[in-house]
Amino acid sequence: METTTALFYVFSAILLFAAFRVITARSTVHAALFLVLAFFNAACVWMLLQAEFLAISLVLVYVGAVMVLFLFVVMMLDFNVDALRQGFWKHFPLAGVVGVVIALEMAVVLLGGFNLADAPAPTPEEVQLGNSKLLGIEMYTNYLYPLEIAAVILLVAIVAAIALTMRRRKDSRYVDPADQVKVKKADRLRIVPMKPEVQGSSAAAAAESQATTGGQA
């Protein structure tokens with residue numbers, strides 16, 4: 001057995017174990033950490049297939065951003081895990097059957113596209129450039145317009161998400177930055193002249209003191 005084949009079986013076994021522990025772990029933090037382990041092993045499998053761009057994208061996007069954010073959310077919020085796990089083993093056989101059917105369907109679809117006999121052999125120049133550089137050249141030459149359209153769609157999605165979270169609500173306090181910039185000193189501080197007033201026992205003491213002073217005079 002070659003080293004590449006042995007590493008593929010090792011990474012695949014760890015990947016399957018981690019994926020199984022994601023849905024069976026009792027702690028949500030442990031489940032998220034097992035999912036990080038699964039992503040790392042999937043990236044290693046991509047590296048064995050010489051798909052460096054997909055491997056580094058999987059690590060940077062999912063492990064470095066999505067899963068870290070998910071871990072922070074899980075650790076900050078108090079989830080009732082027992083309520084979420086009610087009926088898990090009752091529905092597990094049906095979920096397993098559905099998962100096997102989906103896996104078989106994906107295998108049937110994908111195996112038809114992996115006809116290595118018809119695949120063109122890479123040229124020495126392509127081998128020297130590497131997978132990531134060739135992918136970049138292909139994206140920014142033949143697929144430049146679809147890439148720009150996808151970028152615009154993602155930008156619109158980001159703006160829409162910000163607009164949904166920044167909508168005006170009665171229970172939220174919102175300050176307009178433009179109003180803060182245009183503020184003047186007179187808007188912040190206003191001096192109001194007031195006459196001194198004495199109330200309660202202080203007024204009685206002041207009246208008694210004035211009466212005493214008048215009598216002595």
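Wholly within segment 1-67, which helices (runs of 4 or more DSSP H) include no fewer than the required count, namely at least 1 residues that are farther than 30 Å from F92 by Cα and polar (S, T, N, Q)?
3-24, 52-57
Conditions (1) among the small types (G, A, S); (2) surrounded by fewer than 18 Cβ atoms within 10 Å (Cβ to Cβ), marked per residue:
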| residue | (1), (2) |
| --- | --- |
| L7 | no, yes |
| L15 | no, no |
| F20 | no, yes |
| S27 | yes, yes |
| L35 | no, no |
| Q50 | no, yes |
| L58 | no, no |
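Looking at A178, is it exposed (fewer than 10 other Cβ atoms within 10 Å of the Cβ) and either in a helix (DSSP H, G or I) or at pLDDT 80 or above (or both)? So A178 passes the test.
Taking each residue of segment 92-111 that is at positive phi and looking for partners that are surrounded by 10 or more Cβ atoms within 10 Å (Cβ to Cβ) with beta-carbon atoms closer than 7 Å, six or more apart or interchain, yields nothing. How many of the residues making up segment 78-120 are farther than 29 Å from H30 by Cα, assigned to a helix (DSSP H, G or I) and modelled with pLDDT under 80? Matching residues across segment 78-120 total 2. State yes or no: is A42 farther than 30 Å from G136 by Cβ and in contact (Cβ under 8 Å) with a residue 12 or more places away in the chain? Judged against the criteria, A42 is not a match.
The values are calculated or read from the model by the stated rules, or taken from the named source; none is laboratory data. Computed from a prediction, not measured in an experiment: that's the story for all the values here. Virtual Cβ from ideal backbone geometry, glycine too; neighbours counted across all protein chains shown.
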